[in-house]
Every structure is written in C-alpha cells, then in structure tokens.
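The block underneath contains the structure these notes are about, expressed in structure tokens.
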Amino acid sequence: MNFNKSKFFENIRTIWSSVTKNKAVKAISGRKAVKGARITYGVVWNLILLFFIISLLGIGFAGGVGAGYFASLVKDEPIRSYESMKKDIYNYEENTEVYFANNVYLGQLRSDLQREEVQLKDVSKYLIDAVIATEDQYFYEHDGVVPKSLLRAIVQDVTNSPVQTGGSTLTQQLIKNQILTSEVSFDRKAKEILIALRLERFFNKDEILEAYLNVIPYGRNSSGRNIAGVQTAAQGIFGVDAKDLNLAQAAYIAGIPQNPYTYTPFSNKGGKLKENLEPGLTRMKTVLSRMLSGGFITQKQHDEALAYDIKANFVPAKESPMESYPWLTAEVEKRAAIILAGILAEKDGYEEKDLEADTELNDYYLAVADKNLRQNGYKVYTTIDKDVYDKMQEVVKNFKYYGPDLTEKKKDLETGEYVKVIEPEETASFLLENKTGRIISFVGGRDFEREQTNHALGSTRPNGSTMKPLLAYAPAMELGKVQPGSVIADVPVKYPQFGGWAPNNVDNDFDGLMSARHALKMSRNIPAIKTYINNMDQQIPYLEKMGFTSLVKEDYGAPALAIGGMTKGVSVEENVNAYATFANEGKFIDAYMIEKIVTKDGEVVFEHEVQPVDVFSPQTAFLTIDMMRDVISGGTGAAVNNYLKFNADWAGKTGTSQKYEDIWFVATNPNVTFGTWLGYDTPKSVAKNAHGLNYSRRNIMLWAEQMNGVYEVKPELVAPSERFKMPGGIVKRSYCGLSGLVPSALCSEAGLVESDYFNANYVPTKVDDNLVKGKYIAVDGKAYRVPDSAPKEFVQEGIMIKKEFLEANDLKDTNAIEKLLPDSSRWKNLVVTETEDLKDNGSSPSQVAGVKISSGNLTWTKHAHNDVIGYRIYTAANHTTDFRKIASVPSTKDLRYQIGNSVAAYYVTAVDVAGNETPMSQSLIVKNGDYQSEKPVDVTPPPIDGDDGDDGDDSDGGDDNDNGNGNDNGSGNGNGNNNNENGISNGRGKNGKGI
C-alpha cells in the first residue's frame, strides 16, 4: 500500500474549505463561529496528524516485532544449498524389489510406504491439471508462497474456523513431506515459508511438481498397503500407469491427498473395497468442479467424467508378496539386511568379528540397513526358483499322510492363563544346489497364518541319526581310524566316564559284529557311538567346518552328539548344507539365497562369491557317499525307491531324535541335496503309525513326493545322468568279517571274507589271528566247552573265536551264536561257546519219543531233557536179536538217520552230557519191512564198542591227539593229549563195558 502524504493533506483542506464556505454554516455561525471553527480545525488536524504518526509508528513497530519473531523462528534453520535441497526433495524412499532366480519378478519388500518413481513426462495431463486445480491454482504464478492464502489460513487457524481452505502451496507441501515434518507449529510454518522461497530460486516449476507427484501419500492400494506417489497410486488403485489415467481416474486420485485414508477406496484388510465409497466419490466431484471453474476442462468433459463408472474400474483386491510368499519375503528381508549391515559397518572400519562381539553395534547397523532396504529402492536378486518353490508348497499343502493334531497347553501372555492350543504335525524341507550353494527352494511350514516360524531356516531341532555320517563316520575315516570295512560290535555297552551312560538302539536290541558300512546302512547307534567316542575332540571340528552354528558348550563333551543328541539342535538348512559337502568332494560351500543387490541407479553393492572350505579329502567324501548309497538301496531309507518316479545316484540317511520327536531324511545326488523334517512346534512324539505307515516312511514319502514334483517342472535339476565319480587313492580290498583285518586261512575256511572300498592310505595290513580250530558240544543251537564226561562221539570240531577277542570287544556275555553274528547263514561255520558249561540234570534220559520209519528214514522227536547232547541208533538184522550201535547223531543235527530198505529192527537212545543213556529196557523198537527173529526180541543192552578216548581239556592253540580202541567184549580204553601254550594236558579215554 502506497501512502501519498501531500495528497492526503490536500484532501483534508478541500473538505474543510467546503464546510466553511457553506452559506448555512455562515448564517448560523457568523464571524465568531468562523473563528471557533478555525480553532476546532486546528485541534482536529493536530489530532489526526498525531494519530497518523502513532499509527505509522505502530505499524513499523508491529512489522519490526513480526520480523523479529519470524527471525527468531528460523534462526536455527541452516541456509540450504542447492545440492542439499535436491537430495532431500528427490529422496523418494522407493521400495526394494525382489526377484526370483532368472530375473523373475517376485514383488516389493514390506515398508511403511510403497512407492515407485515416475517422471513428469509420464504423468497424465489430466492428473497434473487436477492436482493444480485442487491443491494450488496459482502454482505457476507464485514464488513458493501465496500471502493472502497464507493469511487466510492463519485467520482460520486462530479463529478455529470449521472451514479450512488451506494455505500451503505445492512447494510448501513438498517441503513438509521431504524436508521438514508434519508438526503443526509456527516454528515449522516459518521454516517452511523460508525454504519454499529458497527452493523456488533453485528449481523450476516442473522439477518441483515432479518431486511433489512422487512423494505425496495416496492411501492404500488393492493389497491394503500404504502407497505414495502418483505412479504407485495409478497402478495400485486402477491398475494402469500414471500416463494412462483418464479424467475421472485422475480426478479421483488428485482428491485423495487431502485426507488419504478417508478417500482411498481400499481397506487395510487385504485391500478389500470399503463398503462406503461415498467420501472418495464426493471428493472426486469436487476436483472435477474446480477443474471446470479453473478452465482446465470443458463442461462436456466434466459431465462425461461424472458419468464414468469409477467403481467398476478399481483394481480387484490382490495378495501382496508378503501374503503370497510370506516365508520367502521375510527371509529375503532378513538376509539382505544382514548383508547391507556388513557393508555399512565395513565402510565405517568395522569387521564382521566386531559386530559379533558387540550386540549393540550389530543392532545399530542392522537397523540402519533395514531402513535403507525399505526406502532406497534396491533390487534384490535371489537364488529361489519360482516354479520349484511353488511346486514344493503345493505338494506339502496336499500331502495326505500327516500325523494327528495334538493339544498343547500354552500360557497366554496377556491373561497369564494357560489355554489349549491345537498343534498339527509340521514339516520343513530344503533344496540346495551342491556346486554353487544356491538355495533353490525351501518349505517353511504348512500354514504361515497359523505359525510364522520358518521351520526350514529359522528353527533348530536335534537331527537324530542324520548326524552319524557327519560326525561319527566321515571324520573317523578322515583320521584313518575307521574305513567302511572296519568291524564294530553292536553289543550292550556302559560308559563309567559319562556317568554310567548305557546307550541303546532304537529297537532296544543288538546285532553283534558288523562293518561300519552295515552299521550306517541299518542305522545302529552303538557302532556310531563307539566310532565317535574315542576321538571326540578331533572329530567335532569337522562339524564346525560344515557350517553348524548352533552347537553349545554342553554338546562338546556329550557322546550322544554322535547320534544327534543336541542341546539346541540344527536347522534343516544347516543339516542339508553339511550333507552337500560329501557331494562336493569334501568341500563345504555355504548355502546362500541373495545373489546380488543393486541400487536403483544400477550400481551393484553386493554380489555373492562362492568360497569353498576344505573339510574332507575326496576319498573320505566318496567313501561316505558310497556307504550312504546302501542306506537307500537296502537300508533304513530303502522305502524311497517305492515312491520316487525317476532315477538318480542318491545317497542319504534317515534320522530320528529321542522320543520320536524329530523325523529326518536327507539325501544327495551329484547335482542337489534335499532334506525333510517332520515334528511338532512344541517338541512331542510323532505317531509311530498313522494312515497305515510308520513315522519314517511317511517322511520319506513326503520327501519323494516333493522330489517328484520338482522333477515335473525341472527334471534336469534333480535327475542328473552322471553318477558320483570315484577319485584316485581308493582301492577295493578283502577283509575278515570278524575283525576287519587281512583274512587268514581260517577266516577264509569259515567263509568270513568280505570286500569293500578303502582309502589306499588306510588299507589294513595285519593278518587276522582271532580264530582257532577247537572242539565243542552243542545243544539247542548253543555251543559248549567239552567236559570230561561227554562221550567223544558227540564232540564236534569247528572254527572258534579266541576268548581274548571276545573280551576285547565286550562279547563275553553273548548268549547265542545268532545274537553275536549279524548273519547266521554267512557265519554258520564259526563257533562261539557259551561262557558257562552245560549242566547235567542228574538223571538218565527217558525213552526217546516219536521213533518211526518212513521212506527209508528213521526219525524221532527231540528229547525233553535239556542236557541231551546226542542220540545213538541201534539195529538188529532180520532173524537176529543181536543189536549193535550203527550211528551217533549230535543233537544239533537233523533228528533223522537214513536206513534204506533193509529188513531190520531199530531203536534210538538219548545220551546226556554226563554220558548217561536211555535204558535199553525203556527204548522203543521199530521194524523195517517184514522183520522176523528166531526168538523174542531181547532189549537187554548189547555190547557196545569202546569209545575213542576223549580229548584233553580244550585250550587255545595246539594239536588235538586222541586214540582209542575197543573190542566186542565191551572193553576199551583211550587216551589223548592236547598241546597248548602252558604245556600238555592229558585226557583219559572212557572204557566201554560190555555185558
């Protein structure tokens, strides 16, 4: 406002002159009146002048106070440079995009806002006009601030006016969103004005408008996620790009920013359409009206836009990546944040060990990395194959053989009361590419909405017998302590050094001597524990090299670790990853999911590099693979052959933890390694049988069904044609199945020679010396040492195990040959005598029952006395009663004697360990053919040929010498000697006495 002082005073004089010259005034006042008027004029004039001066001073004072107050409000605001403001207004906090393998788009990571940048040239003209008409009609005219709009807004704010027309320009709104905060205060408003004026000096209108259109919130999209920026709004609300919005759509979107969560058409519940869409539609009409009044559109365009069916063109509700792939997106977020945190820390001079040692420091960098990941618009490329991942989830969802749901009592954190929770049997699986370590796919569980725990990657459980190759056998082979042909006794053991621990097998039984190969094939616990327990300190580092990170202090001194008895357990990922070491010729390659991370400008900030770790020699790796082939070909994992629909060179291992709480199966072929787990969230026993299948078979079936599914979509991935290749340095050698040593002549005679692969450096060189030929008597399949009283005719000779070997292998308490030896048909020529002698029951055997002749064979029934060691057969020719002994049959042989068709009479007697025989008078006589005698049959005992002299007492080594003679009178004598280490022992022959 410009004030003209001279003109002002001139106007006052003119008015006064008119008043004084008025005839009415003159008539009334006269000279005195004129004089009084002049005096009054002087006073009024002076008062007006004084008021004017005071007003000027007031205005100046107020202006000075206002300027001073404004200055005080912005005194802490720095003078922002062009670069600083450019960085702020173009910081759009774009969302990170995630890709499956082969650049297949997955979606955007979770963030507070979903946003996608767009250039102004790619925005519909309708939308630009709608925004300007609605938010800032003087945008292209002002310098960042509109004074009258600002004053109007201040007055409305001071007077609490119910109608708020707003006073912020687009420039100010941009500053509020990108540089300042949304705080309602004069301080913030003053800074906003100052920065707006400065911003308009550095940036043209199009630059400011483009930035504005990329940052303003637009409510929610059809997935229920918060969105910002017009491109994200156009895609999320109408499913089109910002450049393709029509007038009605543009007007709807332009109206949203005034009250985003009132005007947005979608709810936060999965992006469903709101029931009441009227607020948004009414706002759209307001925008169209302003566009019409502002001259942006014609009446015809206005009317056509109102007639447009906006409701019919909203995007249908759709799942977000988090809803479609919850376990995957959560894992990508976690792993990408860890990678970025390491990069940030490294830039600041920290190393990985620093983060591991300082929890607060690690948390700080993770927080910064997480924020950057959600705001900086990275592109994260993963190793996950979409087709394989989808197929595995489908198989797990449709599997029909899960165990029953169980009830668990859990404490409610809010009420403190225990409530019943239904827990279904859960599962997890993990598929890994061996040579690269790429995680191809995984299954985190059956239902993310019920339980968010990632059972494959984030949960640890004891791995049962799948630990045996990893910790017991492979490390022992690498150390040269064991080879596949090493013989280990599966017998009861007790370890005083571990509190008297007495481990058992899963079937509570023991199978005796067996090779390490057979022990792994049949998953026997005792051999694995024995293999591990002697070299615990040397073997556990191998497990650490294979990526086990969940071991705790208590695990290091626990022998049960060899069979998977872990304090915390291991994840499915780490367990499967370790098995891939064998497929990689002994090199551990850490599994990874993030292939690379790229900025929105195309800069690669991270790219994975494979770094193999030497764990085992190629020879150990192959031998372990070859042993695990047997598990699948005929061992505890053989059931997989019934379900798998394709062929590959598989090697694997089953596993069951204590109380059947965790069921595992892991297998590898030359290309991939795959493992599955079954169990409950809260550890509890799975059903031993469900749907007619035992627990292990159900898990193997689930493993096979997933592999079959993967084969359908990626056959070349899981069914390579090549087999595991045998490296140099491996030879095939024979060994004695009793000891694992070089076979001796007796070992060969006993039929105990076996063969297997060996590391050439650890082939056995010592010849087995644990066998000796010796004599024994046998009853009911049990062998006994020969007592002096035992008739020589029933003493047998066989290959026997030295007692020193039995004692060294804790076998002295074994009660039966079948118990000690793993396969009685292969070990039939080997004799192990009982530790206690056969006792005489104190009476002579009674009549032998069931004696009969059929088809030329004399047969009888086993005697009831348990001290009978054999049977004697007597015969008398036709027309005679002169019975004589024709055969002696040990009780271990078939109870039969071939007599042919000769006409004769027979009877059978039983002989016990003391030499007592069934009395002839009690014996049953049977006849063959038309036997006749010249006189009645006399059952008086006939004269008996004298027996050969019995051996001297048995001992290890030496030659048995016996001789004897007898005559028909019934007299006989014998003597024998047996040389042993201590000298010569003599036995006195037994004399038959005839009557």
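The values are calculated or read from the model by the stated rules, or taken from the named source; none is laboratory data. Model, not experiment: these values are computed from the prediction. In this analysis, Cβ positions are derived from the backbone assuming ideal geometry, glycine residues included, and neighbour counts consider all displayed protein chains.
Among (1) assigned to a loop (DSSP other than H, G, I, E, B); (2) out of contact with any His (no Cβ under 8 Å at 6 or more places or on another chain); (3) modelled with pLDDT of 95 or more, where does Leu470 come up short?
(1)
Which fully enclosed strands (runs of 3 or more DSSP E) of segment 584-659 have 1 or more residues being surrounded by fewer than 15 Cβ atoms within 10 Å (Cβ to Cβ) and in contact (Cβ under 8 Å) with a residue 12 or more places away in the chain?
604-607
Of the residues that make up segment 409-424, is at least one within 30 Å of Phe100 (Cβ to Cβ), charged (D, E, K, R) and either in contact (Cβ under 8 Å) with a residue 12 or more places away in the chain or surrounded by 10 or more Cβ atoms within 10 Å (Cβ to Cβ) (or both)?
There is no residue in segment 409-424 that is within 30 Å of Phe100 (Cβ to Cβ), charged (D, E, K, R) and either in contact (Cβ under 8 Å) with a residue 12 or more places away in the chain or surrounded by 10 or more Cβ atoms within 10 Å (Cβ to Cβ) (or both).
Just to check your reading of the model, which residue among Glu478, Glu451 is among the charged types (D, E, K, R), assigned by TED's automatic domain parsing to the domain that holds Ala638 and more than 30 Å from Glu754 (Cα to Cα)?
Glu451
Go through (1) among the aromatic types (Phe, Trp, Tyr); (2) within 60 Å of the chain's Cα centre (by Cα); (3) not assigned by TED's automatic domain parsing to the domain that holds Gly798 and name the single condition Trp860 misses.
(2)
Give me a count of the residues in segment 841-867 that are buried (at least 16 other Cβ atoms within 10 Å of the Cβ) and within 24 Å of Tyr776 (Cα to Cα).
The qualifying residues number 7.
Test of understanding: among Ser789, Ser734, which residue is farther than 23 Å from Asn809 by Cβ, among the small types (Gly, Ala, Ser) and not assigned by TED's automatic domain parsing to the domain that holds Leu895?
On the way: Ser734 fails: farther than 23 Å from Asn809 by Cβ.
Going through Ser789, Ser734 in turn, the sole match is Ser789.
Confirm whether Asn901 is in contact with a strand residue (DSSP E or B) (Cβ under 8 Å, 6 or more places away or on another chain) and not β-branched (Val, Ile, Thr). Explain how you work it out, then say what you get.
Numbers: in contact with a strand residue (DSSP E or B) (Cβ under 8 Å, 6 or more places away or on another chain): yes; not β-branched (Val, Ile, Thr): yes.
Judged against the criteria, Asn901 is a match.
Which of (1) closer than 21 Å to Arg220 by Cβ; (2) surrounded by 20 or more Cβ atoms within 10 Å (Cβ to Cβ) is the odd one out, the single condition Val315 does not satisfy?
Every listed condition holds for Val315 apart from (2).
Those residues that are out of contact with any helix residue (DSSP H, G or I) (no Cβ under 6 Å at 6 or more places or on another chain) and either assigned to a loop (DSSP other than H, G, I, E, B) or modelled with pLDDT of 95 or more (or both), I need them from segment 502-514; list them, please. Explain how you work it out, then say what you get.
Of the residues in segment 502-514, the ones out of contact with any helix residue (DSSP H, G or I) (no Cβ under 6 Å at 6 or more places or on another chain) are 502, 504, 506-511, 513-514.
Ala502, Asn504, Val506, Asp507, Asn508, Asp509, Phe510, Asp511, listed by residue number.
Could you tell me whether any residue of segment 898-912 is of a type in the set (D, E, K, R), more than 14 Å from Pro791 (Cβ to Cβ) and in a strand (DSSP E or B)?
No: zero hits.
Take the conditions modelled with pLDDT under 95, polar (S, T, N, Q) and in the same structural domain as Tyr473 (by TED's automatic domain parsing) and apply them to Asn534. Does it pass?
Here the answer is yes, as Asn534 does meet what is asked.
Can you report the number of residues in segment 433-462 which are part of a strand (DSSP E or B), within 13 Å of Met392 (Cβ to Cβ) and not small (Gly, Ala, Ser)?
4
Just a yes or no: is a residue in segment 565-573 over 28 Å from Thr436 (Cβ atoms), of a type outside the set (Lys, Arg) and out of contact with any Ser or Thr (no Cβ under 9 Å at 6 or more places or on another chain)?
No, that holds for no residue.
I'd like the full set of residues that are out of contact with any helix residue (DSSP H, G or I) (no Cβ under 7 Å at 6 or more places or on another chain) and assigned to a helix (DSSP H, G or I), limited to segment 204-213.
Within segment 204-213, Lys205, Glu207 meet the criteria.
Working carefully through the options Tyr495, Tyr473, find the one that is in the same structural domain as Gly675 (by TED's automatic domain parsing), surrounded by 23 or more Cβ atoms within 10 Å (Cβ to Cβ) and touching a residue at least 40 places away in the same chain (Cβ under 8 Å).
Only one candidate qualifies: Tyr473.
Got a number for residues in segment 406-429 being more than 28 Å from the chain's Cα centre (by Cα) and of a type outside the set (A, V, I, L, M, F, W, C)?
The number of residues fulfilling the criteria is 5.
One residue is enough: does segment 191-203 have a residue meeting the conditions under 14 Å from Pro257 (Cβ atoms) and either modelled with pLDDT under 90 or part of a helix (DSSP H, G or I) (or both)?
No, segment 191-203 contains no residue that is under 14 Å from Pro257 (Cβ atoms) and either modelled with pLDDT under 90 or part of a helix (DSSP H, G or I) (or both).
On the basis of being at pLDDT 95 or above and out of contact with any Gly (no Cβ under 7 Å at 6 or more places or on another chain), does Arg438 make the cut?
Answer is yes for this residue.
Give me the residue from segment 133-172 that is surrounded by fewer than 20 Cβ atoms within 10 Å (Cβ to Cβ) and of a type in the set (S, T, N, Q) and, out of that set, modelled with the lowest pLDDT.
Gln164
How many residues are among the charged types (D, E, K, R), closer than 18 Å to Leu106 by Cα and in a strand (DSSP E or B) if we restrict to segment 372-425?
1
With the requirement that a residue be free of Cβ contacts under 8 Å to residues at least 60 places away in the same chain, over 19 Å from Ala234 (Cα atoms) and surrounded by 15 or more Cβ atoms within 10 Å (Cβ to Cβ), what does segment 280-303 give you?
Listed by number, the residues that qualify are Ser289, Leu292, Gln301, His302.
Return the residues of segment 743-761 that are buried (at least 18 other Cβ atoms within 10 Å of the Cβ) and outside any loop (DSSP other than H, G, I, E, B); say none if nothing qualifies.
Within segment 743-761, the first condition is being buried (at least 18 other Cβ atoms within 10 Å of the Cβ), and the residues that meet it are 743-744, 746-747, 750, 752, 754, 756-759.
Hits for segment 743-761 are Leu746, Cys747, Glu754, Asp756, Tyr757, Phe758, Asn759.
I'd like the residue in segment 698-724 that is touching a residue at least 60 places away in the same chain (Cβ under 8 Å) and in a loop (DSSP other than H, G, I, E, B) and, out of all such residues, is nearest to Asn770 (Cα to Cα).
Phe724
Among the residues in segment 262-274, are any hydroxyl-bearing (Ser, Thr, Tyr), touching a Lys or Arg at 6+ places or on another chain (Cβ under 9 Å) and in a helix (DSSP H, G or I)? Even if it seems obvious, please write down each step before you answer.
Just the residues of segment 262-274 that are hydroxyl-bearing (Ser, Thr, Tyr), to begin with: 262-264, 267.
Right, trim to touching a Lys or Arg at 6+ places or on another chain (Cβ under 9 Å) and you get 262-264, 267.
Adding the requirement that they be in a helix (DSSP H, G or I) leaves 262-263.
The answer is yes; a qualifying residue exists.
Return a yes/no flag: does segment 246-253 have any residue that is more than 19 Å from Gln178 (Cβ to Cβ) and in a loop (DSSP other than H, G, I, E, B).
Looking for residues that are more than 19 Å from Gln178 (Cβ to Cβ) and in a loop (DSSP other than H, G, I, E, B), one finds at least one in segment 246-253, hence yes.
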